[in-house]
Amino acid sequence: MQQGKSYEEVLLTGGNFWRDYSAEISSWCHIGGISIISDKLNADTNYSFLDLPSGYPNMTLREWIIDRITY
């Protein structure tokens, strides 16, 4: 919401993200298909929030998610 989005817009975007990524997240959870989700995240241009700072120095949210699933 720091980016000027309403609560409803954040919920809608989060729901759309889940819809678009649920199969990849499920694959990662069940078979450990790291490249399935990291490739999609790296190529994603639909969700601008992935390029926001994550709270870790010099790391976007996209980079943080990939770091967490590939540790």
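Residues that are outside any helix (DSSP H, G or I) and without any contact (Cβ under 8 Å) to a residue 24 or more places away in the chain within the range 37-67 comprise Asp44, Thr45, Pro53, Ser54, Gly55, Tyr56, Pro57, Asn58, Met59, Thr60, listed in sequence order. Residues that are closer than 21 Å to Gly4 by Cα and under 10 Å from the mean Cα position of the chain (by Cα) are absent from the range 26-43.
For the structure I just gave you, tell me whether Trp18 is surrounded by 12 or more Cβ atoms within 10 Å (Cβ to Cβ), under 14 Å from the mean Cα position of the chain (by Cα), of a type outside the set (D, E, K, R) and part of a helix (DSSP H, G or I). Taking the combined requirement at face value, the residue does not satisfy it.
Mind checking which residues of the range 44-68 are among the aliphatic types (A, V, I, L, M) and under 11 Å from the mean Cα position of the chain (by Cα)? Of everything in the range 44-68, those that are among the aliphatic types (A, V, I, L, M) and under 11 Å from the mean Cα position of the chain (by Cα) turn out to be Leu50, Leu52, Leu61, Ile65, Ile66.
Rule-based calculations on the coordinates, nothing more; no lab input. Since this is a predicted model, take the numbers as computed values, not measurements. For neighbour counting, all protein chains shown are included, and Cβ atoms are generated from backbone atoms with ideal geometry for every residue, glycine included.
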